1. Using Cα centres only, tell me the gap between region 165-193 and region 68-90 in whole Å.
2. Highest mean first, how do 64-70, 353-359 rank when packing is the count of other Cβ atoms within 10 Å averaged over residues?
3. Using only helices, what value at 222 nm comes out for the chain when you add -39,500 (n - 2.57) per DSSP H run of length 4 or more and divide by the total residues, to the nearest 500 deg cm²/dmol?
4. For a protection proxy built on the mean count of beta-carbon atoms within 10 angstrom, sort 409-419, 127-137 highest first, please.
5. Suppose each label sits 7 Å from its Cα in the direction of the beta carbon; what would the Asp423-Arg447 distance come out to in nanometres?
6. Quickly rank 395-405, 75-85 as a protection proxy: mean count of other C-beta atoms within 10 Å, highest first.
7. If the cut-off is 18 Å between C-alpha atoms, which aspartates and glutamates fall inside it for Lys156, apart from same-chain ones fewer than 8 positions away?
8. Could you tell me the distance between the Cα centroids of region 427-469 and region 218-250, to the nearest Å?
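Every read-out reported here was derived from the displayed coordinates using simple, explicitly stated rules and does not represent laboratory data. Note that the coordinates shown come from a computational prediction; the quantities given were computed from them, not determined experimentally. Quick reminder, even Gly has a Cβ in these numbers, built from the backbone with ideal geometry, and neighbours come from all protein chains shown.
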Amino acid sequence: MKVGLLAPPMMDVVDGTLRTISMDAERECPPYGIYLLAAALRSAGHEVVLIDLIAEQSVDLAPHEHELRGCELMGVGATSLSWPSARVVLHQIEKLLPTVPIVLGGIHPTMFDRYVLETSPATYVVRGEGERALLQLCECVAKGGSVADVPGLTWKAPDEKIVRNPVATRIDNEELGAFPVPDYSSLAPNVYKGLAIESSRGCAFDCSFCSTSYRRSWRPIPPEEFVNRLTTVMPHLPLTRYGTTHIIDDEFSMNPRRAVRITEVLRERGLEPWLVYDSRANDLLFPGYVEGMADLTCQFLVGAECGYDEGLKKIGKGTTTEKLRLAAAKLARHGIGERADFSFILGLPWESMDEIRATIRFAAGLHAEFGVRILLQWYLQIPGSRLWEADRAAGLVNESMYNEFGFFRNLYLFRTGVRLSPDEFYEVAQMVEALQRATRVRHPDRRMVEFTFPSAIATYFPVGVMNSRHSGLVRLREVSRPGKAITVEEPKPVDLGVPVGVPRRHFVGYQ
Ligand code: SF4
C-alpha cells in the first residue's frame with residue numbers, strides 16, 4: 001500500500017509572507033517521529049512518500065502532486081504550534097486526493113482528537129504512539145476492514161459520529177529498541193544541523209509547565225541496543241551541516257547509571273559522536289556521569305527553570321537552587337561548563353517582578369562563577385501542561401486558540417500566562433541587556449546569555465509608544481513585525497526648560 005507522510009513546520013506571517021519560525025527556522029534535527037514511522041511502514045512492505053515540509057520550509061504540496069498520486073492513506077503529524085500549518089496542508093490534501101482518508105498524529109491531535117476531527121477533513125487520529133497503530137490502520141484501509149479494533153484510534157464513522165477506541169497499551173522497552181531505526185537516506189543535504197535519535201521515551205517527572213507526552217513513565221532502550229541504533233544512523237551524518245547527533249529524549253540521563261554505561265559502550269566501540277541532549281541537574285551530580293561525558297564531544301541543556309526554591313517546588317522537578325549550583329560547579333571543575341546551557345523560565349503564572357529578578361540574579365551568578373551559558377525564556381501557554389489545564393478549567397484558554405497563525409504574537413494567550421505589566425517586560429529586557437553586556441567582556445565572540453523579547457509585547461506595546469508616554473519626544477522610525485529586529489530612533493535631547501520623563505534607552509529585541 002502507498003502511504004504519504006507529512007511533517008508541516010511551525011510558521012507565521014512575517015512581513016506579509018508565510019515563513020518558518022522558532023525551532024523550525026533553526027532546523028536543529030529532522031522530525032524524528034515521521035522518519036521513524038516511514039521506516040516502520042517500509043519494513044512492513046508499504047511504499048512511503050515522506051514529505052519533510054520542515055526541511056522545505058513550506059506548506060505547499062503542489063511540487064509533490066505527482067509523487068502523492070496513488071497514495072491510499074495520508075498521514076500528517078502536528079504539535080500545537082504547527083497545527084495552523086497542518087490545517088493548510090490538510091485542505092490541500094482534501095483538494096488533491098478527495099477520496100483518500102487522512103490520519104493525524106502528534107501531540108496536538110492526541111490531546112484534542114474529537115475537536116480536530118470535527119474541524120478538519122481528517123478521518124482518523126492516532127492517539128499517542130503511532131508505530132503499532134499506524135501499521136494496523138494501514139492493514140484495515142488496504143483490506144477494507146473495520147478500524148474498530150485499532151487501539152488508540154479515534155475515527156469519524158460514516159454518519160460523522162466520532163468514535164474513540166480504547167487506549168493502546170504503551171510500547172515497552174524491548175519493542176522500542178526493536179523498531180527499525182529512522183531512515184535518513186532521503187534527507188535533504190545540508191539542511192539540518194544534525195540527526196535525531198531516541199534512547200528512551202517519556203519522563204518519570206511531571207513538571208507543572210511541561211507539555212511533553214508520556215510524563216510519569218520512562219522507558220529506556222538498553223545501552224548496547226541504543227548504541228547499535230546510533231551506529232546505524234551515523235553513516236547519514238555527512239548529510240547534515242554540523243554532524244551532530246541529537247538525542248531527543250525528554251531527559252537522556254533519567255537513569256544516570258545507564259547514561260554512564262552508554263558512554264562506556266561508545267568508548268569500547270571507538271565511537272566519537274558529537275551528542276546533543278537534555279540532562280537534569282540532579283543527574284549531573286551522580287558519581288561518574290560528568291566524568292564520562294567530559295571525554296566526549298557533547299553539548300547539553302539543563303532545565304534549571306527557576307532561581308528560587310519556592311518556584312522549583314511549585315514546578316515539581318525535584319531539584320533545588322543548591323543542587324543547580326553544585327551541578328554547575330561540577331561541570332566547571334571538569335572543564336565543561338561552557339558546554340552546558342542552563343535554561344530558565346521567566347514569567348511563570350505565579351511570578352511577579354520579585355521572582356523574575358531572583359531568577360535572573362541566580363542565573364547571572366551561575367554564569368559568572370561557573371561559566372555556563374544561560375537561556376532565559378518566557379513562559380508560553382502550550383497545551384498539555386498542568387498549568388495549561390488549570391487555565392483551561394478556569395475558562396482562560398482552549399484548543400480553538402491554536403487554529404490560526406500568530407501564536408508568538410498572540411497578546412491574549414501570552415498575557416494569560418505571564419502576568420506582568422508592559423513596563424515590567426521592558427524592565428526585564430533592560431536587566432538582561434545589562435547582563436549580556438557584562439558577559440561580552442569575557443566572551444566577545446559568543447552569546448552567553450540568550451533572551452528573546454516577547455513578540456506579543458513588542459507588537460502591541462512597541463518601545464516607541466512606551467517611551468512617548470513618558471517624554472512625548474520619541475518618534476518611531478521603524479517597528480518591525482515578529483522575526484525582525486525592533487529599532488527605534490534615539491530620542492534627541494530637547495531643552496523644554498521643564499523636567500520631562502527620562503526616555504528609555506534604545507532597545508533591540510528579536511523573535
Ligand atoms: S521538564 Fe523535563 S523533567 Fe520535567 S516533566 Fe518535562 S521532561 Fe520531565
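1. Taking the Cα centre of region 68-90 as reference, the centre of region 165-193 is 18 Å away.
2. Answer by packing, highest mean first, reads 353-359, 64-70.
3. Computed mean residue ellipticity for the chain: -10500 deg cm²/dmol.
4. Highest mean packing first, the order is 127-137, 409-419.
5. 2.9
6. 75-85, 395-405
7. Glu72, Glu94, Asp113, Glu118, Glu139
8. Their Cα centres are 36 Å away from one another.
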